[in-house]
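To keep things clear, I will list the structure first and then write my remarks on it.
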Amino acid sequence: MLELVFDQVTKTFRGPNGTTATAVDGVSFHLAEGESVALVGESGSGKSTVARLATRLERPTAGTVSLEGMPLQAVADLPYRVQMIFQDPFSSLNSVHTVGYSIQRPIAVKERISSPKARLKACQALQRVGLTPPEPFMEKRVVQLSGGQRQRANIARAIALSPRFMIADEPTSMLDVSVGLGILNLLVDLRAEEMALLFITHNLAAARYVADRVIVLYRGTIVESGAIDDVIQRPLHPYTQDLVAATPDPALPFVGGRLGDPETVEVGWCPFAPRCTRRTARCETPILRRVVESGHSVRCTLYE
Amino acid sequence: MATPRAGEGLERGETLRVQGLDVDYVTEEGVVAAVRDMAFSLRAGEIVGIAGESGCGKSTLAHAVCGLLRPPARIRRGRVELGGQDLVGLSERAMRSIRWERIAIVPQSAMNNLSPVLRVGDQIADAMLAHRPGTRAEAREKARGLLQMVGMSRRHVASYPHELSGGMRQRAVIAMALALNPEVLVLDEPTTALDVIVQAAILGTIRDLRDQFGFAVLLITHDLPLLLQTVDRILVMYGGGLVESGSADGIWRRPRHPYTRALLGAFPPLTGPRARLEAIRGMPPNLLRPPAGCAFAPRCPLAGEACRRQRPPLAVQGDAAAACWRWEAGEGEG
């Protein structure tokens, strides 16, 4: 089984004067071929670091990320197998080159084919993402495209190499709702072509639209994971409960979010403890992930 | 607190009234019709949300209401009445005694525009001292109270902006806007860059303070589900104009305008059936050359000949209104 696996992955960044910040702390999960998983969390939860670890833009400080049983560092053709779509469509294509060049160049390098053949494949990729007819788009530079068109061009670049795994890091958060929905629909369609998707978002409703399974990340650790409707309908972790309650849903009455920004986290404690209304002394030694029922797991002393 | 000054024609409890407002941006390529024929009113203690996508005129309207438009923007016609007094055409000097004192705005990304070199408390104190006589010590003490009111700690008066999270900085700018006890608070995308839990907490705080002090709130956001859950009334803008208004509940249960329906349908739901949603086809209108008829007609599934020829008037039905020639025809397909 082709899988992208995180095994006890930790990533610590070093700051000035010997300070360190652990962005990802002992994260384990897997993404199987053809699967669609959402990684949900707030700013600073480590979502983007996970994305960068999955594409080898960062190396883990501890633990391993592996693809089909092989550590990522040893995978020679990683960019052909795992691709990423970035959050900011305005800065993720080189504005010096035409859209066509940005897409066809990697194809020519990968497949060792002539430019005309690579060009044909680039056109097909543009067509696939809805930039039709593709020829005029090939000649444009990114500054001539709208935000939605740029993100489509980014996706075309990513799928042109036919990767089996796609990491999408908040691909719609800088776009208008309707434009963003077009991108979400595109991701749903691409995923139907047996491409596994790791969809990173802060928006639980968007996660539900795209993914089947959800992983909830809080301050670098996975606090809950499971089938997305299970997690939304029966959130177990106090953080997930707050997250579900705070996500706007016109069908439900407004529940004001609770105050309290995370300030200091005591070393070793459950990272949510400073904000948690149900904390006890037992939160000092957080438990490992506990499977509550098939596929639904949580990391909280309430479920010991 | 909303005492109508001149009071002419103001309905009971009305504090802000906008009538026939047109705003242009005069550019080298021509005149951009950013806001057209905008009309609405705000009652004391009411939270009204303005929804719409980028470029529909939401922020331009907010700036116009607060007398903050600068060239190339200009008000072509219309009135912005605060307590019966028309603010359009007032000198900057006269406007200064109204802005912040009676109508306060938290502009988009205001939380990133606090001065990095001054303590938060001093920035709030400066704002107060610019408008009211008093000592710095008194102003700082008032700032402590304001921070506490918006859910921060009193000790945050001594904090620098970089020491605070985004949510805390946003609370601080809201505290600053409320410092002089305004009648109207305008919030332009106040929670857009924040996490949902922080967003819910801030909106909860605004609702509580509204209950306590009775000011009116104009809340601008692209997030229609958020408005549906948190405000009393909603105005939906498209292409610079008002296409629909109504109670939040009414718009949720019975959206009339095809644009409102399409916009509602573009937000994936958190609960309920997981069906494929369709994005609104086409692009928003180019306001340099606005379409002759309904601005939404080129993208509208219901549009007919009349829609392309003539701009529909706002048809009022009770407390709901929609500017559409054919909304009744579309209801069955809701």
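Every read-out reported here was derived from the displayed coordinates using simple, explicitly stated rules and does not represent laboratory data. Keep in mind the model is a prediction, meaning the values are calculated, not measured. Cβ sites come from the backbone with ideal geometry, for glycine too, and all protein chains shown count toward neighbours.
Quick rundown of the values:
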read-out	value
Formal net charge of residues neighbouring B:Val18 (Cβ-Cβ distance under 10 Å; K, R +1; D, E -1)	+1
Rg [Å, one decimal], Dmax [Å, integer] - the protein assembly as shown, C-alpha atoms	26.0, 78
Extreme residue, positive dipole direction of chain B, given options B:Ser91, B:Pro269, B:Ala34 (C-beta unit charges)	B:Ser91
Between the range B:269-334 and the range B:107-157, the alpha-carbon center distance in angstrom	44 Å
For B:Leu270, B:Leu42, order by how many other beta-carbon atoms lie within 10 Å, fewest first	B:Leu270, B:Leu42
Longest site-free stretch - chain A; sites: trypsin sites (Lys or Arg not before Pro), DSSP loop, at most 13 other Cβ within 10 Å	A:113-277
Residues A:Ile200, B:Ile98 arranged by fewest to most Cβ contacts within 10 Å	B:Ile98, A:Ile200
Cβ-defined net charge surrounding B:Pro72, 15 Å radius [Lys, Arg +1; Asp, Glu -1]	-1
Packing-based exposure ordering (other Cβ within 10 Å, fewest first) of A:Val40, B:Val18	B:Val18, A:Val40
Beta bridges per DSSP with both ends in the range A:152-304, % antiparallel, nearest 5	70 percent
Net lengthening on full extension, B:His162/B:Thr271 (0.36 nm per residue, minus Cα-Cα)	35.5 nm
Among B:Val150, B:Val196, B:Val23: highest mean-square fluctuation, GNM of chain B, C-alpha pairs under 10 Å	B:Val196
Chain lengthening between B:Gln317 and B:Ser109 when straightened (0.36 nm per residue, less Cα-Cα)	71.2 nm
Spatial separation of Cα centroids for the range A:182-231 and the range A:36-72, in angstrom	15 Å
Cβ-Cβ FRET estimate between A:Met174 and A:Glu111, R0 fixed at 35 Å, reported to 0.05	0.65
Anchor A:Lys11: aspartates and glutamates whose Cα lies under 13 Å away (excluding residues fewer than 8 positions away in-chain)	A:Asp25, A:Glu58
Beta bridge orientation in the protein assembly as shown: antiparallel %, DSSP, nearest 5	60 percent
Average projected area [Cα convex hull, the range A:156-266], square nanometres	8.8 nm²
Estimated [θ] at 222 nm from DSSP helical runs (n ≥ 4, -39500 (n - 2.57)) normalised by residues in the protein assembly as shown, nearest 500	-8500 deg cm²/dmol
Integer Hz, Karplus 6.51/-1.76/1.60 couplings in order for the range A:179-191, x for Gly and Pro	5, x, 4, x, 5, 4, 4, 4, 5, 4, 5, 4, 5
Average projected area [Cα convex hull, the range A:3-219], square nanometres	12.2 nm²
Highest-fluctuation residue, A:Ala108, A:Ala21, A:Ala207 considered, GNM on chain A with Cα pairs under 10 Å	A:Ala21
Cα→Cβ-extended label distance, 7 Å offset, between B:Ala130 and A:Glu194, nm	6.3 nm
For the range A:3-219, share of DSSP beta bridges that run antiparallel, in % to the nearest 5	50 percent
Gain on full stretching of the segment that runs from B:Glu92 to B:Ala329 - 0.36 nm per residue minus C-alpha separation	80.5 nm
Most mobile listed residue (B:Ile202, B:Ile220, B:Ile105) in chain B, GNM with C-alpha springs under 10 Å	B:Ile202
Given charges at Cβ of Lys, Arg, Asp, Glu: the protein assembly as shown dipole, positive-most of A:His97, A:Gly295, B:Ile105	A:His97
Size of charge dipole - chain A - debye, nearest 20, with Cβ of Lys, Arg +1 and Asp, Glu -1, no other charges	820 debye
Charge tally in the Cβ shell below 15 Å around A:Glu170, where Lys, Arg are +1 and Asp, Glu are -1, A:Glu170 excluded	-2
Cβ-Cβ FRET estimate between A:Asp7 and A:Gln127, R0 fixed at 51 Å, reported to 0.05	0.85
Directionally averaged shadow of chain B, computed from the convex hull of its alpha-carbon atoms, nm²	18.3 nm²
Straight-distance crosslink candidates among lysines, where the alpha carbon sits under 26 Å from A:Lys121 and sequence neighbours closer than 8 are dropped	A:Lys110, A:Lys140
Pairwise FRET efficiency - B:Val31 versus A:Thr19, Cβ, R0 = 60 Å, nearest 0.05	0.65
